[in-house]
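> Below you will find the structure I want to go over with you.
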Amino acid sequence: MKIGIVLSSTPSYSETFFISKIKGLQQHGYEVILFVNHQKSEFDLCKVKSFPVNRGFGLIKSVLSFLILIITKPAAIRKFIKYEKKVGIGFSQVVKKVFLYQHIFRTLNLDWLHFGFATQAIGKEHIAKAIGAKMAVSLRGFDIGIYPLKNPKCYDLLWVNIDKLHVISDDLLNLAYENGLKKGIFYQKITPAINTSFFKRQSFSETSKKEQLQLMTIGRLHWKKDYTSVIIALKSLKDRNVNFEYVIIGDGPEEEKLKYLVYEFGLVNQVVFTGKISQSKIINYFENSDIYIQYSLQDGFCNAVLEAQAMGVLPIVSDAEGLSENVLHKETGWVVPKYKPKLLTKQLLASIQISEKEKNKMTINAIDRVSTEFNIEKQQKEFIEFYSN
């Protein structure tokens, strides 16, 4: 079986949700081809087809390739024009699409064309049918939780053309229904997964003997992660004379704003911004942390929360999308309604005060659940089933 996956660029090796999927398919004898706009030179895991550079000689090459495509694949082009015309798309716009997506049209004998994010399928809804492939689409978070808010009805054409839908959480599926997906479309929930052999805590320190509470978060410094509410909650902890350190791992557009808030609230000595760091260093932070915080406004699932649980760090998360499926409240961590920094403060205080016996029970629950339900081998098997059924 030949699987084509459409992404904006080849994944970095830290994007394990795509890397592990590709490796799993290859191990089961599937051929995988990536269709991207941007190809990173270090990526060599599978065959990659990208749109030629549209400047100078690259533009000439693109035009020649386009003319050859029209001559060599007339049937696929005719089908595409026919499908596009039926929904009222003008001829010049259709020609532009064929030109831009020619690297996909040139590929023969694809069994599946899978768009890694729903937003990447917009404008390409008829390509799979034109080249004789089945069409699959993944919903991962932003593409269904935020993008349709600015672009109503953006997926109306997509919903009627997909053969199978992949979602990473039940909440995202429900959002798809709210945005026009008809009941009855075949879907499969395949959650993110982590390398449970790598994210495995070697030893545990006694929390009760620590003088300072260690808190951490991993993620982009972006508004949807709602670090602002976390900082407000931590100010309340400080006012209650709780001795803590909060480490934020990651970078992003909100860095300046968040550092200013930390200064304004007098938390400069309590909050540490590390920027991006390697996985080996992240392991060290997990091993020294007591509580992991992911108080997002929108979050499809969040691998870092899985990693925290696998490392024995109990998480406090918001109820945004898949986070409430990722963490079982009072069993493997705690779930707090979003937009409620006072409730977050209350939960932080309660989490600090639980007995060692209760904490150990929750920690074991979290480790066991992640190793059983969210391991890479299980995810790879589910993707084989996804394409086989």
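Since every read-out is calculated from the coordinates, none of them should be taken as a lab result. Quick caveat, the model's predicted, so the values are computed rather than measured. Note that we place each Cβ from the backbone using ideal geometry, even for glycine, and neighbour counts take in every protein chain shown.
> Hey, can you rank 216-223, 277-284 by average C-beta count inside 10 Å, highest first?
Top to bottom by mean Cβ count within 10 Å: 216-223, 277-284.
> Could you work out the per residue convex hull volume over the alpha carbons of region 122-244, in cubic angstrom?
Enclosed volume per residue, from the Cα hull, is 177 Å³.
> Here's something else I'd like to know. Note down the relative contact order for region 158-203 as a percent, whole number, built from C-alpha pairs under 8 angstrom at least six residues apart.
For region 158-203, the relative contact order is 46 percent.
> Against the empirical 2.2 N^0.38 Å scaling, what ratio does the C-alpha Rg of region 113-167 come to?
Against the empirical 2.2 N^0.38 Å value, I get 1.05 for region 113-167.
> Highest mean first, how do 317-327, 90-100 rank when packing is the count of other Cβ atoms within 10 Å averaged over residues?
The most tightly packed comes first, giving 317-327, 90-100.
> Do the alpha carbons of any pairs in LYS281/LYS381; LYS225/LYS330; LYS134/LYS200; LYS86/LYS150; LYS82/LYS224 sit beyond 32 Å of each other, and which pairs?
Table pairs above 32 Å Cα-Cα are LYS134/LYS200; LYS82/LYS224.
> Given N residues in region 207-372, what is its alpha carbon radius of gyration divided by 2.2 N^0.38 Å?
Working it through for region 207-372, the quotient is 0.95.
> Now for a separate question. Take the alpha-carbon positions of the chain, form their convex hull, and give its projected area averaged over all directions (one quarter of the hull surface) in nm².
20.8
> Next question, about the same structure. For the chain, what is the mean residue ellipticity at 222 nm derived from helices alone (per DSSP H run of n ≥ 4: -39500 (n - 2.57); sum divided by total residues; nearest 500 deg cm²/dmol)?
Only helices count here, giving -12500 deg cm²/dmol.
> Over the chain, calculate the relative contact order: mean separation of alpha carbon pairs under 8 Å at least 6 apart, over the residue count, as a percent.
Reported relative contact order: 14 percent.
> Bin width 10 Å, alpha-carbon pairs only: give the P(r) of region 211-305 as whole percents, running from 0 to the bin holding the largest distance.
Spelled out bin by bin, region 211-305 gives 15, 53, 30, 2 percent.
> Another question about this same structure. Grab the alpha carbons of region 296-389, take their convex hull, and tell me the volume per residue in Å³.
90
> Would you mind computing the Rg to Rh ratio of region 291-349 from its alpha-carbon coordinates, Kirkwood style for Rh?
Over the Cα atoms of region 291-349, Rg/Rh equals 0.92.
> Further question on the same structure: Compute the convex hull volume of the Cα atoms of region 342-389, divide it by the residue count, and report the result per residue in Å³ as a whole number.
Normalising the Cα hull of region 342-389 by residue number yields 102 Å³.
> Moving on. Roughly how far apart, in whole Å, are the Cα centres of region 255-296 and region 175-203?
For region 255-296 versus region 175-203, the Cα centre distance is 27 Å.
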